[in-house]
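The values are calculated or read from the model by the stated rules, or taken from the named source; none is laboratory data. All of these numbers come straight from a predicted model, not from anything done at the bench. Here the Cβ positions follow ideal geometry from the backbone for every residue, glycine too, while neighbour counts run over all protein chains shown.
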Amino acid sequence: MADPVPDAPPVDSSVVTELLPAAVLWDMDGTLVDTEPYWFRSQVALVESYGGTWTKAEGDTLIGSGLWHSSRVLQQHGVELGEDEIIDVLTTQVLEQCAEHLPWRPGAKELLSELRREGVPTALVTMSIRRMAEFMVDAIDFPAFDVIVAGDEVEHSKPHPEAYLRGAELLGVSAPDCVAIEDSVPGLASAMASGAVALGVEHAAPLADDAGYVRRTTLVGTTLADLRELHAAGRRLREQPATDS
């Protein structure tokens, strides 16, 4: 008769926590690279080429939005091009500016580098189209991302959770086991709706302190250990109502 199989030892929750987040999902514009001024400059040039005006306040309303939504807004300001044409023109103009100077956000590449050294999967989740996302990825001097989810590859733009859910799916992980890093209100809403624990890094648009995500003003000094603590705190917050009921 075979020896009985011993009971499995209890799972150490601290070890499980050390394995999380299962992946880190990154926004691009305004989070990884400071392209928002480039987008605004391109919007101004396009609207003015049709005799219209475009203000900083109007540009700020589009931060974090999908490009097709932005195109429709620009059409309402007199741009006589189709949505896809507007996206192509703006993307080309932004990439031309990036080719002259690529303004990485402080601390972003350093955190990415640590994640890669530690073997943490990463996804770039952006509402920019794929050719722009690939330009940014190719400009990083190490293999920074495992997958890309671009705005022309999803049906629903942020704040819908589709893009973040897709990023987690491509990595083979569950979105609630991930940390998402964002800089805009629509992006953070998208990340939280997917179930990810969200880190909001305030930059071009103001972020609230009590909106369900952790708010910071910079990624400088942020480490994988910080993201682990952030994810653990986020999990505890999600589990709190069930514990108190």
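Odds and ends about this structure:
- Among the residues of this structure, GLU85 does not count as one that is surrounded by fewer than 13 Cβ atoms within 10 Å (Cβ to Cβ) and either touching a residue at least 40 places away in the same chain (Cβ under 8 Å) or part of a loop (DSSP other than H, G, I, E, B) (or both).
- SER194 meets all of the listed conditions (1) out of contact with any helix residue (DSSP H, G or I) (no Cβ under 6 Å at 6 or more places or on another chain); (2) more than 16 Å from SER65 (Cα to Cα) but one, namely (1).
- For region 191-220, filtering for residues that are touching a residue at least 40 places away in the same chain (Cβ under 8 Å) and crowded, with 16+ Cβ neighbours inside 10 Å leaves 8.
- Cross-chain or 6+ apart pairs with Cβ under 6 Å, region 51-64 first and at negative phi, then surrounded by 16 or more Cβ atoms within 10 Å (Cβ to Cβ) and of a type in the set (S, T, N, Q): TRP54/GLN43; GLY59/GLN43; LEU62/SER70; ILE63/SER184
- The listed residue being within 22 Å of the chain's Cα centre (by Cα) and either part of a strand (DSSP E or B) or modelled with pLDDT under 95 (or both), out of LEU95, LEU25: LEU25
- Matching residues, region 128-147, being within 15 Å of THR31 (Cα to Cα) and either of a type in the set (Val, Ile, Thr) or out of contact with any strand residue (DSSP E or B) (no Cβ under 8 Å at 6 or more places or on another chain) (or both): MET132, VAL137, ILE140
- Test: residue in region 3-21 that is among the hydrophobic types (A, V, I, L, M, F, W, C), in contact with an Asp or Glu (Cβ under 9 Å, 6 or more places away or on another chain), crowded, with 16+ Cβ neighbours inside 10 Å and modelled with pLDDT of 95 or more: no
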